[in-house]
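The values are calculated or read from the model by the stated rules, or taken from the named source; none is laboratory data. Small disclaimer: the values here were computed from a predicted structure and weren't measured. We place every Cβ from the backbone using ideal geometry, glycine too, and count neighbours over all the protein chains shown. Accessible surface is based on the protein model in full, side chains and every heavy atom, while ligands, DNA and RNA are left aside. Shrake-Rupley method; radii C 1.70, N 1.55, O 1.52, S 1.80 Å.
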Amino acid sequence: MRNRHSVLFSSVIAATLLASTQAYGESEHFGKTADGQDVEVYTLKNESGAIVKLITLGATLTEMHVPDKDGKSADVVLGFDDVAGYQSEDNQYFGVTVGRVANRIAKGKFSLNGKDYTLAVNNEPNHLHGGVKRSLDKVIWKAKEVKTKLGVGVRFTYTSPDGEEGYPGKLNVSVTYILSNNRNSVRISYTAKTDQPTPVNLTNHSYFNLAGAGSKTVLGHTLTIAADKYTPTDDTLIPTGKIESVEGTDLDFREPTRIGKRIKSLDDTAAIGYDHNYVLTRQDVKAGELAVAARLRDPKSGRILVVRTTEPGIQFYSGNFLKDQKGKGGKAYAHRSALCLETQHYPDSINHPNFPSVVLKPGETYKHVCVYSFTAK
Ligand code: BGC
């Protein structure tokens, strides 16, 4: 039998080792919404130099500080310093949780189980990102700190009543962000349950600039997307229903390619740049498991972002509609100065029976995991 002291000693060592590698979280008051609701901010840190901030308004990722190749840290996501910024017209979904249905629904209309539904048209002539006043990015979520083997984080929950923003069914949604203890990686896990069939397609809308938020452009970043195909759209950015090869198009990112290399040829398109859904290859990866979707690198800072997901698609949006609005620290966010890599189902899936279904039924659980991992070299 081991003597009592050695058992005690080894457990003290184990506890010390755990404490030195363990990330931690804390919350503070961030501010009040225009109608007087409190917004809390949670801070997560780990031992590899990452700091993440999250707020209860929209279950939003507001800051993501990661080191460059020389160990110098920068915040690589767009956002605002206060609640007023997040509630202003300048907020183009910075870092928010988007839903109930991310991306576009043609003319805000769909039919489900023989019933027609009409949603707000907030992106003429279509419905975009779940609606206007009570879409998931605009409501206050409940928050709770969580600790897992992977790291610490925050679990946000929200109950969307039947009929909110025109969608059927009461929807219980959760979004959990975990910052890894020993890697600069944020794992975002979504779940949802409903009491009536309803479309669900959630995503995170972080805008990245790996040189630091507020840097002039992302056109010098190199991007790889693990997709042979994409969903072509009409001139209102609604999919035609076809699934086509990226081969020979300006959308081909199968090999690492500078974003600015071919973007000019998209200037005169409806998207004014990249704003496309890619059909992820997911070769040999089972449904429900994580597959690499994209890799982004800023050659100057050496920062690299790898995106992994369980979802079938990723929307690459090159920040074409950024309009020089002032964000954190008063920095202006210029046209194409940040980009989004939104893991999700395809746009307007509810009106395209040939696309993977976004309909969630009672008794089922919607599940989606997206991991954003940062390194530098
Ligand atoms: C869409 C863009 C839209 C932007 C709004 C993106 O997800 O693809 O078309 O303008 O969100 O911030």
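Here is how the numbers come out for the structure above:
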item	result
Unit charges at the beta carbon, dipole of the chain: most positive-side option, 259, 56, 178	178
Value of [θ]222 nm, deg cm²/dmol, for the chain, DSSP H segments ≥ 4, -39500 (n - 2.57) each, nearest 500	-2000 deg cm²/dmol
Rounded to 10°, Cα long-axis angle of helix 4-21 versus longest principal axis of the chain	40 degrees
Lys, Arg +1 and Asp, Glu -1 on Cβ, resulting dipole of the chain about Cα centre, debye, nearest 20	1220 debye
Share of carbon and sulfur in the accessible heavy-atom surface of the chain [1.4 Å probe, %]	52 percent
Trypsin sites (Lys or Arg not before Pro) restricted to region 197-243 and DSSP loop, no more than 16 other C-beta within 10 Å	216, 242
Förster-model FRET efficiency, 41 Å R0, residue 157 and residue 72, C-beta, rounded to 0.05	0.70
Among 366, 84, 42 - extreme Cα towards positive end, dipole of the chain, charges at beta-carbon	42
Lys, Arg +1 and Asp, Glu -1 on Cβ, resulting dipole of region 242-377 about Cα centre, debye, nearest 20	760 debye
By average C-beta atoms within 10 angstrom, highest first, the peptides 95-107, 29-41	95-107, 29-41
Amide hydrogen neighbours beyond the local backbone of residue 327, cut-off 5 Å, H modeled	332, 333
By accessible area with a 1.4 Å probe, ligands and nucleic acids excluded, highest first: order of 342, 89	89, 342
Size of electric dipole in region 110-209: Cβ of Lys, Arg +1 and of Asp, Glu -1, about Cα centre, debye, nearest 20	640 debye
Restricting region 261-299 to trypsin sites (Lys or Arg not before Pro) in coil, as DSSP defines it, with at most 10 other Cβ within 10 Å	286
Centroid-to-centroid separation of region 191-215 and region 61-123 [C-alpha atoms, Å]	6 Å
Cα-projected label distance for residue 323 with residue 124, points at 7 Å along beta-carbon direction, nm	1.3 nm
Heavy-atom accessible area order for 235, 195, largest first, 1.4 Å probe	235, 195
Phi to ³J(HN,Hα) by Karplus 6.51 cos²θ - 1.76 cosθ + 1.60 over region 210-225, Hz, x for Gly, Pro	6, 8, x, 4, x, 5, 4, 8, 10, 5, x, 5, 9, 10, 10, 10
Prolate/oblate/rounded call for region 276-355, Cα gyration tensor, a/c under 1.5 rounded	oblate
Neighbour-limited loop hits for chymotrypsin sites (Phe, Trp or Tyr not before Pro), region 279-377 (at most 15 other Cβ within 10 Å; DSSP other than H, G, I, E, B)	321
³J(HN,Hα), Karplus 6.51/-1.76/1.60, whole Hz, each residue of region 262-277, x for Gly, Pro	10, 5, 4, 5, 9, 3, 9, 8, 4, 7, 6, x, 7, 7, 10, 8
Dipole-positive endmost among 307, 339, 246 within the chain (Cβ charges, Cα centre)	307
